[in-house]
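Working notes, structure below.
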Amino acid sequence: MSTIATNNAGTLASPTANAAGFSALGWLAAGCIAAISCQFNLIPRLEFVVLAMVAVTVTGMVAMKITRMSALPRLMVLLYALPFATTIGYLFNADYVCWPGHQDASRYSYDHALMSRMLMTAMVGLLGLLTGIEAGALWFRRRRAGFKPDLGSTPVPRATLDGLVFLFLLGSAFMLSWLSTPKETILEASYGSVDRTLSVARKLNFNAAAAIAYVILVLLFIDTERERAGSVARRFKLRLVVLMTAYIVVFHQLLRGSRTVADLVAALAILYLTSADVDLDLLRARLLQRRRLMKLVLPLVLMVCAFLCLSKLRHSLSINKSLPSVAEVGGMLGKACTTNTWTNIALTNLGMAMEADDAPPPPLLGRTYLDYFLSLPPGALCKLVGYERPVERCRGPAWWYTIGMGGVHPIVVPYRNFGIVGAFAVPALFGVFFARCELLNTTYQLWPRFLYGAILANSLHWFWYGDMYIIRGVMAAMILVVFYRFTAQKKLGYK
């Protein structure tokens, strides 16, 4: 069988079919062993499970060769495993305390059997995710042997937005983001206060406003890519997208004490690194990719530090009315790995493990996914007609366990609906989907590229706050791509 080998930053790094097959079989075998261990309560010691979780995550990400960057699958594996980073402390201290700021959860840190069950169940899902990624990539290659990117250096007519439509969409993204922005900044009101959290979008029950804004910005970035390289239109559009994104990050997010825009930042950075421009000169593809990466390093590092320190900053600015000291900021960075937004996501896994130990309820058998379907109508319309959706901002899987704090890990819903089999099978289906999107992205066709960006723009919310975020993100992308095809005009660009 022939393998795909292209020189693009986002295309296949030419692993052999046999190696990919062995990798998929290896993850499958490990997943079956882990699932059987959970089913029959044959859970190893906590230190061993923690070490195995770290080893599986690192090995899976490093060995992944779906494309040269494999950006989407690697990001999703990282997002899946990151909530459990706090448990690494058990490798160095048997009396380690997870979630030190959560009184009810921290006392369970000493129950090593419970923590082992929580991690082992999560590892079943991680192994399923890796199995699906490798098997999906192998299946896709066999179906499309000789698959090549739809790209060349020859100018061809490509449909792009004219200036007025582009500005209309840019303004729409701004307005939707503004609707989700609380009135007061962290300089004026404490984070989490009632007045501060009631944004216009929340009052209208239009909770998807920000997500739609980010998907629009992804579409505009892709439209910029489709303009002819070096053209005035391309430079102008790119500057507008960057400026609008920067404004939203600073004034709609950071100054409001929020960091939900991290999805958008990750999406635009990865789209930039996997842009079709990298293939315009195949001999310099790797050099161009590295140059682009170097341009992103400093702003991304500063942004990550701001996100990590945000909880301390919003407390100091809203309560103490002063900036934290350098020592306090340094301490905040040090504690970020053990106490932060993503570590609190694992509290739902802890609640699930506690439930399994006490009195396991009967499986829901897909009822949650039916609730997802019944929750598809827009919130504003539902509020107008008086229809209550099964899954709302404060109602749904994220609130199943009282010990949780509003987030939900992607393993919780499959496990609660289909048991340990679902905990492996559903993430495996996710993995197949990610591998397919990663490979189709290398065609640089409009819909595969846009879908790839839309998934990235909702990735953190999907894996940390629930499936409805990606469902609404994909729905928005489907509507927007139809709008794009009707309004875009053909111009001379690069295929």
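The values are calculated or read from the model by the stated rules, or taken from the named source; none is laboratory data. Predicted model, so just to flag it, every value in this text is computed and none were measured. All Cβ positions, even for glycine, are placed from backbone atoms using ideal geometry, and neighbour counts span all protein chains on display.
A few comments on the model shown:
- Criterion (within 27 Å of Ile455 (Cβ to Cβ), in contact with a helix residue (DSSP H, G or I) (Cβ under 8 Å, 6 or more places away or on another chain), buried (at least 18 other Cβ atoms within 10 Å of the Cβ) and in contact (Cβ under 8 Å) with a residue 60 or more places away in the chain) met by exactly one of Leu46, Leu72: Leu72
- Close Cβ contacts (under 7 Å, 6 or more residues apart or on different chains) running from residues in segment 401-429 that are farther than 22 Å from Ser23 by Cβ and in contact (Cβ under 8 Å) with a residue 40 or more places away in the chain to residues that are among the small types (Gly, Ala, Ser) and assigned to a loop (DSSP other than H, G, I, E, B) comprise Val408/Gly466; His409/Ala346; Asn417/Gly366.
- For segment 369-427, a tally of residues being loosely packed, with under 15 Cβ neighbours inside 10 Å and acidic (Asp, Glu) returns 1.
- Residues of segment 225-271 that are in contact with a helix residue (DSSP H, G or I) (Cβ under 7 Å, 6 or more places away or on another chain), under 16 Å from Tyr452 (Cα atoms) and crowded, with 20+ Cβ neighbours inside 10 Å: Glu225, Asp263, Leu264, Val265, Ala267, Leu268, Ile270, Leu271.
- Contacts under 8 angstrom Cβ, first residue in segment 155-167 being within 16 Å of Leu446 (Cβ to Cβ), partner at pLDDT below 90 and among the aromatic types (Phe, Trp, Tyr), 6 or more apart: Val156/Tyr494; Arg158/Tyr494
- Residues satisfying the stated conditions in segment 44-101, i.e. assigned to a loop (DSSP other than H, G, I, E, B) and of a type in the set (D, E, K, R): Arg45, Lys65, Arg68, Asp95
- Top-ranked residue of segment 373-427 - restricted to ones that are assigned to a helix (DSSP H, G or I), among the small types (Gly, Ala, Ser) and within 30 Å of Glu134 (Cα to Cα), ranked as farthest from the chain's Cα centre (by Cα): Gly419
- If you go through segment 34-43 and pick out every residue that is more than 21 Å from Ala94 (Cα to Cα), surrounded by fewer than 13 Cβ atoms within 10 Å (Cβ to Cβ) and hydrophobic (A, V, I, L, M, F, W, C), you end up with 2.
- Hits in segment 361-402 (condition: touching a strand residue (DSSP E or B) at 6+ places or on another chain (Cβ under 8 Å) and among the hydroxyl-bearing types (Ser, Thr, Tyr)): Ser375
- Residue list for segment 81-113, filter: exposed (fewer than 14 other Cβ atoms within 10 Å of the Cβ), free of Cβ contacts under 8 Å to residues at least 60 places away in the same chain and not hydrophobic (A, V, I, L, M, F, W, C): Asn93, Asp95, Gln103, Ser106, Arg107, Tyr110
- Conditions (1) closer than 29 Å to Pro390 by Cβ; (2) surrounded by 22 or more Cβ atoms within 10 Å (Cβ to Cβ); (3) small (Gly, Ala, Ser): number failed by Ala435: (1)
- Considered as a group, the residues in segment 450-472 that are in contact with an Asp or Glu (Cβ under 8 Å, 6 or more places away or on another chain) and not polar (S, T, N, Q) include one that is nearest to Gly396 (Cα to Cα), and that residue is His461.
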